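This report refers to the structure that appears directly beneath it.
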Amino acid sequence: MSKILAIESSCDDTAASIISGGKILSNIASSQKIHEKYGGVVPELASREHQKNIMHVVQTALDQSGISKNDLDAIAFTQGPGLLGSLLVGVSFAKAMAQGLDIPIITVDHLEAHLAAHFIASPAIALAAAGPEFPFLCLLVSGGHTMIVKMDNETDFQVLGRTTDDAAGEAFDKSAKILGLPYPGGPLVDRNAKGGNIKAFHFPEPDVPGYDFSFSGLKTSFLYFIRDHVKADPDFVQKHMADICASYQHRIVTYLLSQLHKASEETGIKQIGISGGVAANSYLREMLKAKEQELGWKVYIPAFEYCTDNAAMVAMAAKFKYDAGKFAGPQQIAQPEINFPDLSNILN
Ligand code: KG4
Ligand code: ZN
């Protein structure tokens, strides 16, 4: 029964998890609050925080799992994409520890990990215990990425479409910033939208061919919309916060789902999932569930704690690679710009 330690440090969460025989035994994360006042992640501060936190996070993950480091069979880490300084902390730590214990390493792509989140058995979502059937279509929506991925099995991926500019998470975060909300604004737009009218304001639906996405036009229209209304009434945002958030969120979510719908219709795949930080959005979760009835989809949404960055999803992806014998050589380095899926031979 494989016992793997997984480390995630691609952005601003220092996280570690232990998986044993496919079961997550611990999932520890230390989120960096330091970036809030800057309105976005400051790379140098992020890597310093990882440096401070990593020992403690890994030790807590081991302690909570009841597994000794000497019983580990492999150590996995997020290789990329992400911030170089942040990745370097996790990569160096994992490689040094694996070398010290004389056990193999497993490299995991951050996006592959978000997809693997669907296969983590979770008592909260009974369906997830079984995991989706293949082929499986997943909308991967995070702060840095937006794509529709077809999974043919646990380790074979095909990207059908991706964003040509901003990610969905950025569309949320940048609108939140315009509204004067702190970073990361996605969850705050979600919260403020509760009780708001989705039809109060109209934002144009982006028009991009195929299964690709674009959010930059939507973001600009939001900026001009707020600028013009605030000019006429300086209290506009305060007076209409719920309606603004609900209408804007509605546009992002309906746009994401219309592209996903197109991909489902044209591929004939009805096993559908969402993952990544934006999959934590309550309106997206609700709308996707509604599609289950309407379109005969079988919908998979990872438990909330496995949507935003975490190490359990890295551990799950690592378990698949362990079972497939996909280990990595010691010369593997952090790859901040790695292009998902990386088709190069990982056994080097
Ligand atoms: O996957 P993630 O934790 O990190 C990246 O890999 O980027 O995603 C973070 C993104 C941020 O843009 C954040 O605002 C967004 O996910 N997010 C949300 C919600 N929770 C997190 N966006 C909308 N609604 C939410 N509830
Ligand atoms: Zn992520």
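So which pairs qualify, if the first residue must be in the range 96-116 and in a helix (DSSP H, G or I) and of a type in the set (S, T, N, Q), the second must be modelled with pLDDT under 95 and more than 11 Å from ligand 2 (Cβ to nearest atom), the Cβ gap must be under 8 Å, and the two must be at least 6 apart or on different chains?
Within 8 Å, the pairs are 99/330.
If residue 149 satisfies all but one of (1) more than 16 Å from ligand 2 (Cβ to nearest atom); (2) in the same structural domain as residue 252 (by TED's automatic domain parsing); (3) crowded, with 24+ Cβ neighbours inside 10 Å, what's the number of the condition it fails?
(1)
So, in the range 271-282, how many residues would count as being open to solvent by 10 Å² or more (accessible area, probe 1.4 Å) and more than 8 Å from ligand 1 (Cβ to nearest atom)?
Residues flagged as open to solvent by 10 Å² or more (accessible area, probe 1.4 Å) and more than 8 Å from ligand 1 (Cβ to nearest atom) within the range 271-282 amount to 1.
Sort out which residues of the range 251-260 are touching a helix residue (DSSP H, G or I) at 6+ places or on another chain (Cβ under 7 Å) and open to solvent by 10 Å² or more (accessible area, probe 1.4 Å), and write them in order of number.
251
Please enumerate the residues belonging to the range 225-248 that are open to solvent by 50 Å² or more (accessible area, probe 1.4 Å) and either under 19 Å from residue 207 (Cα atoms) or among the polar types (S, T, N, Q) (or both).
238
Could you please tell me which pairs satisfy a Cβ distance under 6 Å, a separation of 6+ or placement on different chains, a first residue in the range 311-340 that is assigned by TED's automatic domain parsing to the domain that holds residue 113 and assigned to a loop (DSSP other than H, G, I, E, B), and a second residue that is surrounded by 21 or more Cβ atoms within 10 Å (Cβ to Cβ) and hydroxyl-bearing (Ser, Thr, Tyr)?
If the second residue must be surrounded by 21 or more Cβ atoms within 10 Å (Cβ to Cβ) and hydroxyl-bearing (Ser, Thr, Tyr), the pairs left are 311/17.
With the requirement that a residue be assigned to a loop (DSSP other than H, G, I, E, B) and either out of contact with any Cys (no Cβ under 7 Å at 6 or more places or on another chain) or open to solvent by less than 10 Å² (accessible area, probe 1.4 Å) (or both), what does the range 284-310 give you?
296, 297, 301, 302, 303, 307, 308, 310 - these are the residues of the range 284-310 that are assigned to a loop (DSSP other than H, G, I, E, B) and either out of contact with any Cys (no Cβ under 7 Å at 6 or more places or on another chain) or open to solvent by less than 10 Å² (accessible area, probe 1.4 Å) (or both).
Can you list the helices (runs of 4 or more DSSP H) lying wholly within the range 164-235 that have 2 or more residues being among the aromatic types (Phe, Trp, Tyr)?
216-232
The values are calculated or read from the model by the stated rules, or taken from the named source; none is laboratory data. In this text, all values refer to a predicted model and were calculated from it rather than measured experimentally. Every residue, glycine as well, gets a Cβ built from its backbone with ideal geometry; the counts of neighbours run over all protein chains shown. Note: accessible area is taken over every heavy atom of the protein model, side chains too, but ligands, DNA and RNA are not part of it. Shrake-Rupley method; radii C 1.70, N 1.55, O 1.52, S 1.80 Å.
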